[in-house]
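Here is the structure we will look at.
Please treat every number below as a calculation from the coordinates, not as lab data. Note that the coordinates shown come from a computational prediction; the quantities given were computed from them, not determined experimentally. No Cβ is skipped: glycine too gets one built from the backbone with ideal geometry, and neighbour counts run over all protein chains shown.
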Amino acid sequence: MSDRSDELRRQRDLLREHLAWLEREIAAQDGMAPAPQPPRLVPPHFNVTASDADRDAEAILAEFRRSAPAIATQTKRGCILYFLIAVGLLVAAVLAFGYYHYAGVRRGP
């Protein structure tokens, strides 16, 4: 609950700074010189709890997690499939080359 309160306070401070900037810009446009205000440093905000982030990450990882043998089997099948496709394309290229070469020989030069 304190994380939400801290975030709301930080947002309120940012809005106050923005309103002060708007006031300075309006005063500059009207020709009045506002009293200079020193810039306010906002401390960094690192209130993310590790337990929430870890739980979210674990939930996402569990959704996509598979066992090592399943991944190895799927990889092996994919490699064999790519090999068979490559051999098929090679055979088709050789047959096409042979067909066009011998068809040209039969017709004559």
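When Lys and Arg each count +1 and Asp and Glu each count -1, what net charge do the other residues less than 12 Å away from LEU19, Cβ to Cβ, add up to?
-1
In a shell of Cβ-Cβ distance under 15 Å around ARG66, excluding ARG66 itself, what net charge do Lys and Arg (+1) and Asp and Glu (-1) give?
Here the charged neighbours net out to +2.
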